């Protein structure tokens, strides 16, 4: 009996790491998908919190509603999104953690943004515009900006989303 990983799994992991050390293709696609999905979520007026990584947190602010939104996305749209609650985040800052990958397609991102907006509407959750009337909340969110504006989504990389953008 062992808890070690099998040699075949380790060999596959090592090959993946070696590939990613030399290839920019996956990293570029990951950054592109992150900025694209960010723009799509903002286009849907969803409260996307600022983030220094590829993770796009959608602010909810209530643990029960975070779990309910996650369950609705799974039950109604077959989309799993992890709810994040206390103690991982402070009480009152509950959210959904969106993790786009290089393998997500444009259609998948469109479907997710539309499904998330439908869940927000059905649950009566606050939209981004609702938070914009609360100046103390401005620092938490990516805000709509002019078309083509460059944004920093982490690691000092600037990206441009073509339809609407962010500060």
- Separation of the residue 52 and residue 9 label points, Cα + 7 Å toward Cβ, nm: 3.1 nm
- Note on the structure: For the pair residue 16 and residue 110, the simple spin-label estimate (label points 7 Å beyond Cα toward Cβ) gives in nm 2.9 nm
- Cα atoms only, the stretch 1-70: Rg and Dmax in Å? 18.2, 52
- Obtain the nm distance between the two label points defined at residue 71 and residue 126 by a simple spin-label model: each point lies 7 Å from its Cα along the Cα-to-C-beta direction. 2.3 nm
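Computed from the coordinates by the stated procedures, all read-outs in this text should not be read as laboratory data. Computed from a predicted model, the values in this text were never measured in an experiment. Glycine also receives a Cβ, built like all others from the backbone with ideal geometry; neighbour counts cover every protein chain displayed.
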